[in-house]
Structures are given as structure tokens and as C-alpha cells.
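This report refers to the structure that appears directly beneath it.
Here, each number is a calculation from the coordinates, and none is a lab measurement. Computed from a predicted structure; not experimentally measured. Here the Cβ positions follow ideal geometry from the backbone for every residue, glycine too, while neighbour counts run over all protein chains shown.
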Amino acid sequence: MDTCEHCGKELKEQANFCWNCGNPIKDIENEEFNVDSDDLIKTVKKIIHEGNVRRILIKDEKGNRLLEIPVAIGVIGVVVAPWLAALGAIAAIVTKCKIEIIRIKT
């Protein structure tokens, strides 16, 4: 097992951040953009299929977090389906959303 360079604690497998001190373990890249609610589900599906995404945050126009989708490597399909249902409900309520994507730099 690897250890954190900052605090020396043992790291959990496939972690992006140290559970103890919060420092990034891997090169993480954040991307944020606005999308109309009509395109929300289509856009999230496209992001998931890109493959290097670890987490997707859906926020309202004010920046309040509405939904956080953890994206595990190789886990798509059945596990993602409930999240897409929740996205449909969000899209029905808000007009514009902000999507924040947390990726691992390759």
C-alpha cells in the first residue's frame, strides 16, 4: 500500500485524496461548465463514457450542490441508472445546471 507524502498515513486503494489530511494523491483536474436542463442527462452520459472521470457534481445556477455522482472505473450501466433517474428529476425542476467534473490527468 502507498502512503501519503504529506502525513505518512496509509492510503486507501484508488483514492484521489488522502483520507487523513485531504491532500491530492494523483493529478486531479477539475472542469466546470453550464448546461441547459434539456441536455443534462445526455451530457452526463457522454462524460461517463469518456472514462477518466472520478466524480460528477451537479449544481444549480447559484452553485448549490444538487447531486454528486461517484464514477468507479468500469462501473457503468446498471449502477449508473439510478443516478440518471435522479438527473431526470433535477432537470424537471431547474432550468440551467452547472456540471463540475473531477478527472484524473492522463
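Data for the structure
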item: Sole exception among (1) exposed (fewer than 13 other Cβ atoms within 10 Å of the Cβ); (2) farther than 17 Å from ILE101 by Cα for GLU50, by number; result: (2)
item: Among residues of segment 17-29, those that are in contact with a Lys or Arg (Cβ under 8 Å, 6 or more places away or on another chain) and polar (S, T, N, Q), counted; result: 1
item: Hits in segment 29-67 (condition: assigned to a helix (DSSP H, G or I) and aliphatic (A, V, I, L, M)); result: LEU40, ILE41, VAL44, ILE47, ILE48
item: Qualifying residue in segment 11-28 (condition: out of contact with any strand residue (DSSP E or B) (no Cβ under 9 Å at 6 or more places or on another chain), without any contact (Cβ under 8 Å) to a residue 12 or more places away in the chain and either assigned to a helix (DSSP H, G or I) or surrounded by 15 or more Cβ atoms within 10 Å (Cβ to Cβ) (or both)); result: no
